[in-house]
Amino acid sequence: MSEPIKHYLQFSDFTADEYAYLFERAALIKRKFKAYEKHHTLSDRTLAMVFEKASTRTRVSFEAGMYQLGGSVVHLTSGDSQLGRSEPIEDTARVISRMTDAVMIRTFEQARIARFAEYSRVPVINGLTNEYHPCQILADIFTYIEHRGSIAGKTVAWIGDGNNMANTWAQAAALLGFTLRVSTPHGYEVDTELAALDGSSRGWQNFNDPMAACEGADLVTTDVWTSMGYEAENDARKKAFADWCVDADMMAVAKPDALFMHCLPAHRGEEVTAEVIDGPQSVVWDEAENRMHAQKALLEYLLRGRLA
């Protein structure tokens with residue numbers, strides 16, 4: 001009997017050992033990319049990219065990455081496919097997965113991508129949902145390792161909305177052995193059920209005061225106050241989040257060598273000051289580039305397993 005298809009729908013889908021392999025592999029792939037060495041491990045393979053939510057970094061990183069691996073890409077949106085019309089997700093999954101080797105989906109509810117994966121004959125990757133953003137955290141942790149070494153035992157401060165990024169950081173902390181301090185305004189807390197948190201969850205700490213969450217942190221990270229799909233709440237969110245702007249004072253109470261990350265796009269003067277995001281502790285551009293390298297390692301692993 002053949003092994004079940006491996007999907008990547010949330011960070012907890014992989015083990016710590018699998019992540020150790022992926023981070024090492026991403027580093028190798030990036031070194032070869034910088035040295036202009038070909039790395040065509042996915043020749044003649046095709047990735048279908050399905051976008052029900054708009055994207056810059058997700059599209060460029062997956063598309064460029066797949067070409068660099070020697071493969072090709074089919075780009076679909078809900079406007080130019082049957083996904084935006086009346087065809088059931090299950091039928092779309094059955095068809096697309098017979099013609100391609102992997103599918104990346106950027107959509108709204110996690111339930112949509114889970115239904116797609118259930119009927120897919122090929123690996124399905126979560127490019128972003130309302131609930132989770134595993135590819136971004138994969139890249140963020142790879143970026144931390146590049147700059148500071150292992151993240152195990154370190155402290156990450158999440159400042160802002162209890163959104164898909166916060167949920168995914170929580171899963172990563174439990175799996176990879178670091179502490180996550182979360183500070184959100186009242187009413188915007190992390191959904192502990194989505195983040196798979198409970199009273200015994202390792203590495204999870206909640207702070208009412210964002211400054212306290214940053215004290216002694218190795219990494220300070222945030223996201224926009226209003227995520228895609230919540231634009232109607234923008235004015236209310238700006239008022240609620242006024243004290244959750246990552247500024248120089250917050251970075252000053254973190255460790256002297258603390259890094260700052262943001263998944264982008266960023267709104268300078270809202271969730272982060274220009275002084276911080278454009279300052280010496282910020283690694284946001286490395287972080288953005290590393291989406292591509294980390295995802296190349298992920299694609300390669302899902303389609304070919306561990307390679308020597």
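Overview of results
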| item | result |
| --- | --- |
| Residue among L69, L76 that is in contact (Cβ under 8 Å) with a residue 60 or more places away in the chain and in contact with a helix residue (DSSP H, G or I) (Cβ under 8 Å, 6 or more places away or on another chain) | L69 |
| Selection status of A213, surrounded by fewer than 18 Cβ atoms within 10 Å (Cβ to Cβ), part of a helix (DSSP H, G or I) and of a type outside the set (D, E) | no |
| Single residue of region 267-308 satisfying the filter (more than 20 Å from the chain's Cα centre (by Cα) and farther than 30 Å from K239 by Cα) that is most open to solvent (accessible area, probe 1.4 Å) | A308 |
| Scope region 10-20; condition part of a helix (DSSP H, G or I) and touching a helix residue (DSSP H, G or I) at 6+ places or on another chain (Cβ under 7 Å); matching residues | F11, S12, A16, Y19 |
| Condition broken by M250, with the remaining ones in (1) aliphatic (A, V, I, L, M); (2) part of a loop (DSSP other than H, G, I, E, B); (3) open to solvent by less than 50 Å² (accessible area, probe 1.4 Å) satisfied | (2) |
| Which listed residue is under 26 Å from L264 (Cα atoms), of a type in the set (S, T, Y) and assigned to a helix (DSSP H, G or I), from T92, T58 | T58 |
| Whichever residue in region 227-247 is in contact (Cβ under 8 Å) with a residue 12 or more places away in the chain and among the aromatic types (F, W, Y) and, among such residues, is least open to solvent (accessible area, probe 1.4 Å) | F241 |
| Pick from region 1-13, criterion under 29 Å from L176 (Cα atoms) and surrounded by fewer than 19 Cβ atoms within 10 Å (Cβ to Cβ), ranking: farthest from the chain's Cα centre (by Cα) | E3 |
| Scan of region 27-55 for residues that are assigned to a loop (DSSP other than H, G, I, E, B), closer than 24 Å to R98 by Cα and open to solvent by less than 50 Å² (accessible area, probe 1.4 Å), ordered by number | T41, L42, E52, K53 |
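The values are calculated or read from the model by the stated rules, or taken from the named source; none is laboratory data. Everything quoted here is computed from the prediction, not taken from an experiment. Virtual Cβ from ideal backbone geometry, glycine too; neighbours counted across all protein chains shown. Please note that ligands, DNA and RNA were not included when accessible areas were found on the heavy atoms of the full protein model with its side chains. Shrake-Rupley method; radii C 1.70, N 1.55, O 1.52, S 1.80 Å.
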